[in-house]
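Okay, structure first, notes after.
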2 protein chains.
Amino acid sequence: MKKTPKISEAEWEVMKVLWSKSPATANEVVKVLSKKTSWKRETIRTLINRLVQKKAVGFEKKGRRYHYFPLVTEAECVKAETKSFLKRVHGGSIEPMLTSFVEEEKLSDEKIARLKRILDEAEAGDEDKK
Amino acid sequence: MKKTPKISEAEWEVMKVLWSKSPATANEVVKVLSKKTSWKRETIRTLINRLVQKKAVGFEKKGRRYHYFPLVTEAECVKAETKSFLKRVHGGSIEPMLTSFVEEEKLSDEKIARLKRILDEAEAGDEDKK
DNA sequence: TCCGTACTATTACATTCGTAACATTACTAA
DNA sequence: TTAGTAATGTTACGAATGTAATAGTACGGA
């Protein structure tokens, strides 16, 4: 897997928009993000440009507009970030994190059920391999 | 709970050393980190100083040396980081992260069992409150 | 008592990030 | 065709970060 470029906190917001809908024009991104943040048009445009430089986002010129789209998948980025995060904060182990998360945010029962199902499947997968 | 100062990636390494053993002199920290990283003495000292400025680390003058110790607990910082991480990467939801983690790293059965136990307890806690 | 050495303190500097202003180009409507 | 507007491009600038060099200071040994 190619390594994903390092995406900063603010840039993630832009990526999230593009992952949820792409291609999108700069304006569309601006519109979405203006709802969540107080960033100026220009700020958002800067972020988009940086992502283009980093090759995290590609574009296509459509007439005079640019249509942007992600060049890296969300899954890739999540994976990379998760890994680096866990390494940094927990020495690579997921348990303390789950613990701390569980402690902090009260999880609803359904959520817990879903998490368990995820784990069940992982277990099943292991069985398979064995 | 007081909010923890923002600790950068490199600074985390220093904090981890202090969490595992404190108080410690600058030199002790340097010694430990020299094994893991290729940072120069001075670099590490800079990091320590920044942590002191940020009030993440305190110190006590012991004669000629300074003895440093954490002013924030590991748990606090982990919590804060986990929160900001999840917000950033997953829009605040833990599920995709757990999924991606489970997919990437093959978890051992015991690990899965332990994670499930964590979830069971969370559930029990909820029951309590209800 | 004076020097070297070990510490501590001050300063540096290129990048990245967050945040944006200003400039320019090209379409649209009058 | 011309001016206004919308879109893109260029430049800015301070704070934080990673990475360190250099300068100052005090202690312990000659």
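Quick notes
- Mean partner shielding of peptide A:109-121, defined as the number of other chain Cβ atoms within 10 Å of each residue Cβ, is 5.
- Using a probe of 1.4 angstrom and keeping all protein chains present, the accessible surface of the range A:9-70 works out to 61 square angstrom per residue.
- Inter-copy separations for A:Lys83, label at 7 Å along Cα-Cβ, nm, ascending: 2.9
- Chain A, rotation onto B, residue closest to that axis via Cβ, with its distance in Å: A:Phe85, 3
- Spin-label pair B:Asn27/B:Arg114, simplified geometry with 7 Å Cα→Cβ offset, distance in nm: 3.7 nm
- Label geometry 7 Å along the beta-carbon vector: A:Val52 inter-copy distances in nm: 4.6
- The range B:9-70, relative contact order [Cα under 8 Å, separation at least 6], %: 41 percent
- Förster radius 30 Å - calculated FRET efficiency between A:Arg64 and A:Ser84, Cβ distance, rounded to 0.05: 0.20
- Inter-copy label distances at B:Ser22 (7 Å, Cα→Cβ; nm, one decimal): 4.1
- Potential lengthening of the chain between B:Glu9 and B:Lys35 amounts to 7.6 nm, from the contour at 0.36 nm per residue minus the alpha-carbon distance.
- With a Förster radius of 51 Å applied to the C-beta separation of B:Glu121 and A:Lys55, the computed FRET efficiency comes to 0.70.
The values are calculated or read from the model by the stated rules, or taken from the named source; none is laboratory data. These numbers come from a predicted model, not from an experiment. As a convention, Cβ positions derive from the backbone with ideal geometry for all residues, glycine included, and neighbour counts pool all protein chains shown. Ligands, DNA and RNA are stripped out before the accessible areas are found, and what is left, the full protein with its side chains, is counted by its heavy atoms. Shrake-Rupley method; radii C 1.70, N 1.55, O 1.52, S 1.80 Å.
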